[in-house]
1. Any residue at all in the range 332-341 that's without any contact (Cβ under 8 Å) to a residue 40 or more places away in the chain and among the β-branched types (Val, Ile, Thr)?
2. What do you reckon, is residue 281 more than 18 Å from residue 343 (Cβ to Cβ) and of a type in the set (Gly, Ala, Ser)?
3. Tell me, yes or no, whether the range 213-223 has at least one residue that is of a type in the set (Ser, Thr, Tyr) and surrounded by fewer than 21 Cβ atoms within 10 Å (Cβ to Cβ).
4. Within the range 31-75, track down each residue that is surrounded by 19 or more Cβ atoms within 10 Å (Cβ to Cβ), more than 16 Å from residue 241 (Cβ to Cβ) and small (Gly, Ala, Ser).
5. Here's a check for you: in the range 144-153, which residue that is crowded, with 24+ Cβ neighbours inside 10 Å and over 16 Å from residue 293 (Cα atoms) is nearest to the ligand (Cβ to nearest atom)?
6. For the range 167-195: of the residues being within 11 Å of the ligand (Cβ to nearest atom) and of a type in the set (Gly, Ala, Ser), which is surrounded by the fewest Cβ atoms within 10 Å (Cβ to Cβ)?
7. Can you tell me how many residues within the range 53-74 are away from the ligand (no atom under 12 Å from the Cβ), more than 23 Å from residue 117 (Cβ to Cβ) and among the aliphatic types (A, V, I, L, M)?
8. Do we find that residue 369 is at pLDDT 95 or above and β-branched (Val, Ile, Thr) in this structure?
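The values are calculated or read from the model by the stated rules, or taken from the named source; none is laboratory data. Because the structure is a prediction, the values reported are computed rather than measured. Positions of Cβ are backbone-derived with ideal geometry, glycine not excepted, and every protein chain shown enters the neighbour counts.
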Amino acid sequence: MRGRQFLQIPGPANVPERVFRAMGQPLVNHRGPEFARLLADCVSGLKSVFQTTGDILLFPSSGSGGLEAAIVNVLSPGDRVLAAVQGVFSERFVQIAAKHGAAVERVEFDWGRGVDPAQMVDRLRRDEGSSYKMVFMSHNETSTGVLNDVKSVGLGKARLRHPAVFVVDAVSSLALADLQTDAWHVDVAVTGSQKGLMLPPGMAILAVSPRAWEAATKATMPRWYWDWRQLKTAMDAGRAPVTPVTSLMFGLKEALDMIAEEGLPNVFERHRRLARAVRAGVRGMGLSVLPEEAAASPSVTAVIQPDGVDQKTMNNVLRQKYGVVIGGGLQKLEGKIFRIGHMGQIGAPEVLAILGAIEMTLSELGGPVKLGEGLKAAELSLLEE
Ligand SMILES: Cc1ncc(COP(=O)(O)O)c(C=O)c1O
């Protein structure tokens, strides 16, 4: 045994011991007073993390279910949606919306580039009859390691007084990068439990604005499991409409306490600094980061696969020899990039261990690295403010 496993895929993230211990509590009756208290604590902590006074909705589901919930509650078949597409997960949103009969208009950006907010706002400006019912973008496109400027799109849309519901995929950004749901006029922010919230997978969480609620009263897409109204009625009464993920919620309360103890701005700053060190480290090894520096994500780093080193072999050696598990490229980026997840419970020692293992693996596989150069670059970056 080589020591602990470093699960550095771009989610699920490592689950802290504290969270696992909290999840090990005996179950409570989900129709009883203990559950109502647990739910209230989770909702209140989540409002802080989403930076919203709007409603919080919790579904037993992976993140994709939360995206589907946004679609079927806001839209009617044939409704027009303006969507920024720039990778696997923004593409997934478009697919879900199209399957439900929405008329999606794609604004395409190269994979590895950030969404250009000006282009999105310009499309809204030219939408004279305000025919778009929804605007969608990812905050963090996990498949390419790109963080997008949600603020500029949200503020630009608000200045135009465009009435579309603004939906943001925050699956790999919540509690990792600043997302000011209310201040940036985000109407629906969607996340999953398994990334910034440091829990196992199994919960989709949405923050829903009054504008989105209004749309939900008019939307005609069929829904039962995903119906916000049924969920809110139950949650307002301290209950759940279906059997809830109580153990995950014990863990969520603990994770929210951990985030509050560190302070949300400190959580963002830690991820920013560590991500910068990861990029410095891989560049120090002579490798290139896929996105440009200004669009680089604080939660996942996508690195161009070095010539002559097979991606799968590299990941296998890393896992078997060093216990470091990283992600590969998805779909058209398969074999072309590797992705390092650095989200949740992670600090400088872990970053150095991960980079050291990558450096050794590349060296062993004949990659263009000189041992120690990546580590040194990361150390210098970590020493900076
Ligand atoms: C940005 C983004 N959106 C959506 C999803 C889908 O989430 P899930 O796999 O939990 O359904 C992911 C998963 O990694 C993601 O990173």
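1. No, the range 332-341 contains no residue that is without any contact (Cβ under 8 Å) to a residue 40 or more places away in the chain and among the β-branched types (Val, Ile, Thr).
2. Here the answer is no, as residue 281 does not meet what is asked.
3. There is at least one residue in the range 213-223 that is of a type in the set (Ser, Thr, Tyr) and surrounded by fewer than 21 Cβ atoms within 10 Å (Cβ to Cβ).
4. Matches in the range 31-75: 45, 54, 63, 70.
5. The selected residue is 150.
6. 192
7. The qualifying residues number 4.
8. Against the criterion (at pLDDT 95 or above and β-branched (Val, Ile, Thr)), residue 369 does not qualify.
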